[in-house]
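The values are calculated or read from the model by the stated rules, or taken from the named source; none is laboratory data. No experiment lies behind these values; they were computed from the predicted model shown. Here the Cβ is made from the backbone with ideal geometry for all residues, glycine too, and neighbour counts use every protein chain on show. To get the accessible areas, we keep the full protein, side chains included, count just its heavy atoms, and leave off ligands, DNA and RNA. Shrake-Rupley method; radii C 1.70, N 1.55, O 1.52, S 1.80 Å.
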Amino acid sequence: MGTVLLMKNDRQLTPQGTSRRRLLTGWMERRKCQPEQPSLAVPAVACPPQAVPEPLFGALCDGCAACVSRCPYGLLHIEQGKVVLSIDFTECDACRKCTAACPTGALREQMPCDTLLRPQISLSCLGRQDSCRMCMINCPQQALAFSVSASGDRQLQCNNERCNGCGLCKLSCFHGHIALSPLGEKSLPEQG
């Protein structure tokens, strides 16, 4: 005959355990009562440099892939029927071949040549501790600079007016401390 072991949790909750449980339960209940926060209008994926603003881009881009075949670096691909920009192995040099190939008007010459991708620097960035400046040195727009806070901490700053989202900063970081994320929505240029 085999022996059956019954395990019983007969320990009483300690006052410390009880307060932790109440705290967690309180957070969960409070979250249920809070209304959903409206999400910011940030595109989930990056578009080519001269894409029109998102609602119009979504309506015009039919996924024909004409721009995909013209990108000399293979940065464009079709995802869910729309063109998507992926900067993983080389930067976008804004050659505008994708714009010239677009038959639908989703990419237009009049739009600013900006992917709207901006560098997000991790807290592990070596430039905060030593003199690594590869992202700054390689930035063709000179949009990156280190600043020193009042407490003496170094932080990499991106000038959004100068940056065109080419992605070279991400590729220049040998340690992978830079990610690119969408800044926001484009707007149509002023008619002159």
- Length-normalised contact order for region 113-171 - Cα pairs under 8 Å, 6+ apart - percent: 46
- Quick one: Cα centre-to-centre distance for region 77-97 and region 116-159, in angstrom? 25
- By what distance, in whole Å, do the Cα atoms of region 95-180 stretch along each of the three principal axes, largest value first? 52, 25, 18
- Note on the structure: Distance in nm between E79 and N138 label points, each 7 Å along Cα→Cβ, equals 2.2
- Message: Can you give the Rg/Rh ratio of region 84-138, where Rg is from the C-alpha atoms and Rh is the Kirkwood radius?
- Response: 1.12
- Query: Counting pairs of Cα atoms in region 39-192, how many percent are more than 22 Å apart?
  - Reply: 43
- Item | region 67-192 - percent of accessible surface contributed by carbon and sulfur, probe 1.4 Å | 51
- Item | Highest average packing first - 56-69, 146-159, Cβ atoms within 10 Å | 56-69, 146-159
- Message: With a 1.4 Å probe and all protein chains left in place, how much accessible area per residue does region 117-167 have, in Å²?
- Response: 58
- Item | Relative packing of peptides 110-120, 78-88 - highest average C-beta neighbours within 10 Å first | 110-120, 78-88
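Compute the whole-percent fraction of alpha carbon pairs in region 131-183 spaced more than 14 Å apart. Each step should come with its number before you reach the end.
Values: 723 of 1378 pairs.
Distances greater than 14 Å cover 52 percent of the Cα pairs.
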- Under a plain spin-label model, where a point goes 7 Å from the Cα along Cα-to-Cβ, how far apart in nm are C64 and S151? 5.4
